[in-house]
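Heads up, the thing below is written out as structure tokens.
The values are calculated or read from the model by the stated rules, or taken from the named source; none is laboratory data. These numbers come from a predicted model, not from an experiment. FYI the Cβ positions are ideal-geometry reconstructions off the backbone, even for glycines, and counts take in every protein chain you see. Only protein heavy atoms, including side chains, enter the accessible area calculation; ligands, DNA and RNA are left aside. Shrake-Rupley method; radii C 1.70, N 1.55, O 1.52, S 1.80 Å.
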Amino acid sequence: MSLNNFQFIHSIKNSPAVFRRRFKKDKTKNMSHGDPLFKVHYMGMEKIYSLQVEQTREVVNRLVGKESCKVSKDHALVVRPRYLEVKEISSGRQITKTYLHDIAYCTADRGHTNIFLYICKSKGQLQCRVFLCNKAEKAKAITVCLAKSFEMAFSQWHETYSRQTLPLPSSATGRGSEELDKSHGHAGRGTSLDEPCELSRQLESDEEAEVRMHQEFLQRATSFRAPHRLDTGDHDMEGLSRDFSVQELAGGEEEGD
């Protein structure tokens, strides 16, 4: 290799653009810790009244309309064995954390195919969280990944529960669906990332989360025909599983993608 060629390659390797890509690669690697990670833009959350599709469509349309006036930031959506978290890539700041047993629905939106969303329960209210993906296949892949993680979490709980009858702590008795039903009349318009409520609320301890996981999964086991399956809307899991382009992404993105 000539000296000129060597200097040229050396200058490329040390260019600001390459350095930024390396920096972002290291950032996402530290965030994933081996769990599936997807680079998205978290558009925000709104409170909703029910699991009806029309409600999620309204939320998506509102947030998409707002997004056209904003400068997008990169976020990492990481699917952990027990919870889902969203972090800002540039700062590493945790935006939101949702336990899998609190998620009732997830899907790739039909109207905006590059939108992924999920509905969860928080303090007795339903919340719809919306994410913008760079392609439709990624939105479907996140749906597959989250649904499989939910199924695995439920199966692990069921295996433990079937071996021994786990007592339901008295502090958790009487809550759950009743609390959710009472809240439907009080839900309202949600929040954007600019508002502090998602970050400032008191975080749940591991013990409290364990109690609620048992409560929520026990309720599903006694109320649902297929309690281990997360509702994915119009998307059939078997169909998505046969889609090679979706399956290729369902394990998360490669570092530096």
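Testing the spin-label approximation: label points 7 Å from Cα along Cα→Cβ at R229 and S155. State their distance in nm.
1.5
Considering the Cα trace of region 30-69, what is its radius of gyration and what is Dmax, both in angstroms?
Values for region 30-69 (Cα only, Rg and Dmax): 14.0, 38 Å.
List the residues, sorted by chain then number, that are 5 or more residues from T96 or on another chain and whose placed amide H is less than 5 Å from its amide H.
Sorted by chain and number, the residues that satisfy this are V86.
Solvent-accessible area per residue for region 58-127 at a 1.4 Å probe radius, Å²?
Values: 2770 Å² over 70 residues.
In whole numbers, region 58-127 has 40 Å² accessible per residue.
Could you go through region 220-235 in sequence order and give the Karplus-derived ³J(HN,Hα) for each residue, using 6.51 cos²θ - 1.76 cosθ + 1.60 with θ = phi - 60°, rounded to whole Hz, and x for Gly and Pro?
5, 4, 9, 10, 10, 5, 10, x, 7, 9, 7, 5, 10, x, 6, 8
If I model a spin label as a point 7 Å beyond the Cα along the Cα-Cβ vector, how far apart are those points for K123 and T222 in nm?
The modelled label-to-label distance comes out at 2.8 nm.
Return the ratio Rg/(2.2 N^0.38 Å) for region 71-151, where Rg is computed over Cα atoms only.
Details: Rg = 12.3 Å, N = 81, 2.2 N^0.38 = 11.7 Å.
Against the compact-globule rule of thumb, the ratio is 1.06.
Compute the length gained on full extension between Y49 and D236: take 0.36 nm times their separation in residues and subtract their Cα-Cα distance, giving the result in nm to one decimal. Could you put the intermediate results ahead of the total?
Details: separation 187, 0.36 × 187 = 67.32 nm, distance 2.46 nm.
Extending this stretch completely gives an extra 64.9 nm.
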